[in-house]
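A quick write-up on the structure given underneath.
Just so it is clear, none of the values below were taken in a lab; they were calculated from the coordinates. Please read these numbers as outputs of a predicted model, since none were measured by experiment. Cβ: placed from backbone, ideal geometry, glycine included. Neighbour counts: every protein chain shown.
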Amino acid sequence: MIYAANFKTNHTRKSTELYLQELSLNIKAKNVDDKVYIFPPATAMDSYEGDFTIGTQNAYAAHHGAYTGEIGIEQLDEFGIKTILIGHSERREYLGESQEKVSQKFSFFQEEGFEIIYCIGEPLEIREKGFEAVMKYLLAQFDGIDINYDRLIVAYEPIWAIGTGRSATVEEISTTHRALKKAIDNKPLLYGGSAKPSNIKEITSIAGVDGVLVGSASLDAESFSEMILS
Ligand code: PEP
């Protein structure tokens, strides 16, 4: 299983360091095949040692240059970071990242050989229209994306389940993952949206779920460790 923690705009450099110390101790007991990813805020990036991979929540599609407020490959290279989240719904919605922008970013980081966790997800009004509408919406989020990229991991995150405490149902996850798996040629597929210690077992037992992308419940090292060790 893959367990990925997205800190978003939470944690500092100091608290990330303490978090990773605690997590490292806890996950000594994890299954050897399980993979753990941590996406801290950019200010907390560092060359941390441990049985986890540090990724970036975002980066600009450039090595370096005049892109105020952004970081590029040069800043990631300093810490050996070669994993990136692309297409998160919060970036699509709050930062105005269109499908065109998202796919350009994807192509750039693919060229650079990054491991990409590519996020897709539908809003509630689409889910309420039914499964066909959901799949049409989700498949459109692969426009311009090379699904044959061998370092691609997809994260299905229904927007209405993110940060709301209300996860999608087993049935919703199961049917959506089954259809998505076919569309992405069986690439690793994570579920994201209010995954937490109390529902992690149920979610990771669903066929077609290869792991989870976790926001809120990953902010506390103990809670995230509990999920990994569940
Ligand atoms: C996310 O935003 O990637 C996410 C899954 O958040 P949460 O776990 O808080 O729903």
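Roughly how many whole Å is it from the C-alpha centroid of the stretch 118-170 to that of the stretch 36-72?
Here the answer is 24 Å between Cα centres.
What longest region of the chain stays clear of chymotrypsin sites (Phe, Trp or Tyr not before Pro) that DSSP places outside H, G, I, E and B and that have at most 14 other Cβ atoms within 10 Å?
Longest stretch, sites excluded: 80-230.
How much length is gained if the chain between GLU115 and ASP33 is pulled fully straight, taking 0.36 nm per residue apart and subtracting their Cα-Cα distance, in nm to one decimal?
Length gained, GLU115 through ASP33: 27.8 nm.
Give me MET1, MET135 sorted ascending by neighbouring Cβ count inside 10 Å, so fewest comes first.
By the 10 Å Cβ count, ascending: MET135, MET1.
Which ordering of THR56, THR9 is given by a fewest-first count of other beta-carbon atoms within 10 Å?
Ranked by crowding around the Cβ, least crowded first: THR9, THR56.
Can you pull out the trypsin sites (Lys or Arg not before Pro) in the stretch 122-173 whose DSSP state is coil and whose Cβ has at most 16 other Cβ atoms within 10 Å?
Qualifying residues, ordered by number: LYS129, ARG151, ARG166.
In straight Cα distance, which lysines are under 25 Å from LYS196, not counting same-chain residues fewer than 8 positions off?
LYS8, LYS14, LYS28, LYS30, LYS35, LYS181, LYS187
First check a/c for the chain, with a ≥ b ≥ c the square roots of the eigenvalues of its C-alpha gyration tensor; if it is under 1.5, answer rounded, and if not, answer prolate when a/b is larger than b/c or oblate otherwise.
It is oblate, given that a/c is not under 1.5 and a/b is not larger than b/c.
Scan around LYS35 for amide H atoms under 5 Å from its own, H built in the peptide plane at 1.01 Å from N, and keep only partners 5 or more places away or cross-chain.
When sequence neighbours closer than 5 places are left aside, the close amide H contacts are ILE2, TYR3.
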